[in-house]
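Scroll down for the structure; my scribbles are underneath it.
The values are calculated or read from the model by the stated rules, or taken from the named source; none is laboratory data. Everything quoted here is computed from the prediction, not taken from an experiment. Note: ideal-geometry Cβ built from the backbone for every residue, glycine included; neighbour counts use all protein chains shown. Note: accessible area is taken over every heavy atom of the protein model, side chains too, but ligands, DNA and RNA are not part of it. Shrake-Rupley method; radii C 1.70, N 1.55, O 1.52, S 1.80 Å.
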Amino acid sequence: MHKGPGQNRLVGVVHAGNRPRARDAAGVHEHLLAAIVDQRLPPGTRLTEADLVETFDLGRRVVGEVLHRLAWEGLVTILPNRGARVASPDAAEARAIFAARRAIEAGTAEAVARAGDPAAVAALSENLAEEGRLRAAGRLREAIRLSGGFHVLVANLSGNPILAGAVRLLVARTSLVIALFDNRGGLACWHDDHASFVELVRRRRHRAAAALMRHHLLEIERDLRLDRPRREAIDIRSALARPLA
């Protein structure tokens, strides 16, 4: 007898209690994007259709659509007869990603600081405070996600949705670069730069805010060990499973 979605497919580490909630391709994409940003899915992770079908309890057509979208966004590599893997940027691509971010984010930073909207200051301050709480609690992966989210928030607050979309994808690709080449000793100072940026927005010092954003991104790039990539194996089902309450 034919069994529909959800019947007799709760195997391995995925089950009804911890399955990530996604009803369609957009939901699956959001889960995978978030897992890449917070480094639950590091570069080189094999993304098999069978594992993703099991994890999300959705069909192969949906999974294939998502993988091709992520490939178009530069986050996944699909090789003929070899399947899909989370992208592994090389040093040249890493430098290009940071160059693009400096060019775009100097503009979004200047726009936000020029406006000096108190609501924007409050939103950025809340992001910063939550990141600090996560760092203090030792929840580094979540802190990394919020650190990248700070840049996405700045882009969103700039009022330009095209630039905001570009920054969101560049931040995700930066997470891959950091996962491969990072020097974790430099993570704390990134948070300090964010605090300085919020103060510049509060004071509407738009030129200084743009300069700080460029310097901030340049320092992150300089902290990377681009000559020494690292790799780690991961099981995508356990990486994507929801924590049990």
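Phi-derived couplings, Karplus 6.51 cos²θ - 1.76 cosθ + 1.60 at θ = phi - 60°, listed residue by residue for the stretch 137-142: 8, x, 8, 5, 4, 5 Hz, with x used for Gly and Pro.
At a 1.4 Å probe radius, which order do R214, R60 fall into by accessible area, largest first?
Details: R214 110, R60 135 Å².
Result of the area sort, largest leading: R60, R214.
Taking amide H as placed 1.01 Å from N in the peptide plane, V76 has its amide H under 5 Å from the amide H of A71, A87, each at least 5 places away in sequence or on another chain. When peptides 115-126, 47-58, 71-82 are ranked by their average number of other Cβ atoms within 10 Å per residue, the highest-first order is 47-58, 115-126, 71-82. Note on the stretch 111-178: Kirkwood radius taken over Cα pairs, Stokes-Einstein applied at 10 °C and 1.306 mPa s, translational D equal to 126 µm² s⁻¹.
Backbone phi angles across the stretch 83-94, fed through the Karplus curve with coefficients 6.51, -1.76 and 1.60 (θ = phi - 60°), yield HN-Hα couplings of x, 10, 9, 4, 4, 10, x, 8, 4, 5, 5, 4 Hz in residue order; Gly and Pro are listed as x. Applying 0.36 nm per residue to the separation of D117 and A137 and subtracting their alpha-carbon distance, the gain on full extension is 4.1 nm.
The string of couplings for the stretch 130-135 from the Karplus curve (6.51, -1.76, 1.60, θ = phi - 60°) is 5, 4, x, 5, 5, 4 Hz, one whole number per residue in order, with x for Gly and Pro.
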